[in-house]
């Protein structure tokens with residue numbers, strides 16, 4: 001594949017957000033490996049206390065709170081100010097990515113984003129529950145990950161209730177709603193953490209790759225917010241018959257086809273923005289050149305190429321919402 005670079009030749013950064021439980025899957029590692037081969041700098045974002053990331057205060061990150069992600073993006077921007085930044089989420093990690101894009105709007109540093117098997121109706125997802133093997137597996141993984149911080153969390157969380165929880169919803173409520181200092185209701189929690197709460201403010205293209213046989217997200221008729229893809233010009237849906245949850249596998253050693261599609265879409269976005277900047281530069285050059293010409297002592301004004309020429313090539317345009 002072609003190397004994705006900025007106008008100055010700097011490699012693009014690929015920010016990868018794993019699922020909300022902090023489990024680093026084989027598919028995430030496969031995506032990072034493919035991205036490296038394509039010339040990206042892959043960076044994996046871990047929530048507080050996940051995958052060896054230290055918990056320096058007795059506070060964990062709520063499901064759709066992008067504040068830590070904002071700090072990470074700002075730091076990446078500081079270290080690589082001229083490099084394009086793309087973001088990909090896996091599974092329930094979509095909550096952070098979509099929350100970030102909605103809260104930041106056009107001030108986001110992200111050029112383009114993709115969500116693999118995103119969880120879009122998050123509250124209903126918690127309330128309905130997952131098939132037993134997945135529910136139990138995710139719950140046990142969460143309890144094991146937080147058991148090392150049990151003493152540190154005792155002052156803010158009812159740890160006895162937390163580790164007795166029998167569902168992901170009970171676990172989430174014990175951790176973030178029934179706190180000792182600032183208890184809140186389940187309704188209030190989702191008012192603050194629904195990843196689609198500010199989705200109309202998102203101002204970068206987002207590709208969502210979903211599967212009709214996803215056992216974790218459930219049937220697309222009930223779990224996909226199809227109106228989002230019909231009404232929002234920035235959101236694109238690729239719905240496959242088969243692929244499972246974050247699978248989309250092919251015969252080894254070929255990488256998952258979802259990874260190929262995502263990196264190809266980012267390459268197309270990069271080319272689009274390059275052409276957009278080139279056309280703008282050409283228009284400015286022509287305006288300057290034509291504005292300086294004089295015929296018979298009089299300045300001849302000639303109309304520069306209108307933006308409609310671009311619209312004939314690309315139907316998608318940037319929007320600035322904030």
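Bear in mind these aren't lab numbers, they're just calculated from the coordinates by the rules spelled out. Predicted model only: the values in this text are computed from it and were never measured. Methodologically, a virtual Cβ is constructed for each residue, glycine included, from the backbone with ideal geometry; neighbour enumeration extends over all protein chains shown.
Points to keep in mind about this one:
- One chain, two ends: residue 144 and residue 273. Fully extended at 0.36 nm per residue, the span grows by 42.0 nm beyond their Cα-Cα distance.
- Measuring r between the beta carbons of residue 170 and residue 226 and using R0 = 25 Å, the FRET efficiency lands at 0.25.
- Whether the stretch 123-194 is rounded, prolate or oblate, judged on the alpha carbon gyration tensor where a/c under 1.5 counts as rounded: oblate
- Length gained when the stretch residue 82-residue 280 is fully extended (0.36 nm per residue, less Cα-Cα span): 69.4 nm
- Per the Cα gyration tensor, the stretch 235-279 maps to an equivalent ellipsoid with semi-axes of 28, 13, 5 Å, ordered largest to smallest.
- For residue 192 and residue 238, the FRET efficiency from 1/(1 + (r/R0)^6), where r spans their Cβ atoms and R0 equals 30 Å, is about 0.50.
- In terms of the mean number of neighbouring beta-carbon atoms within 10 Å, the peptides 160-170, 52-62, 22-32 order highest first as 22-32, 160-170, 52-62.
- Here the label points at residue 155 and residue 251, each 7 Å from Cα along the C-beta direction, are separated by 6.0 nm in the simple model.
- Between residue 44 and residue 59, full extension at 0.36 nm per residue minus the direct alpha carbon distance yields a gain of 3.3 nm.
- For the stretch 63-136, the Kirkwood estimate of hydrodynamic radius, built from reciprocal distances between every pair of different alpha carbons, is 13.6 Å.
- Cα gyration tensor of the stretch 129-266 - equivalent ellipsoid semi-axes, whole Å, descending: 33, 21, 14
- With all pairs of separate Cα atoms included, the stretch 1-130 yields a Kirkwood hydrodynamic radius of 15.4 Å.
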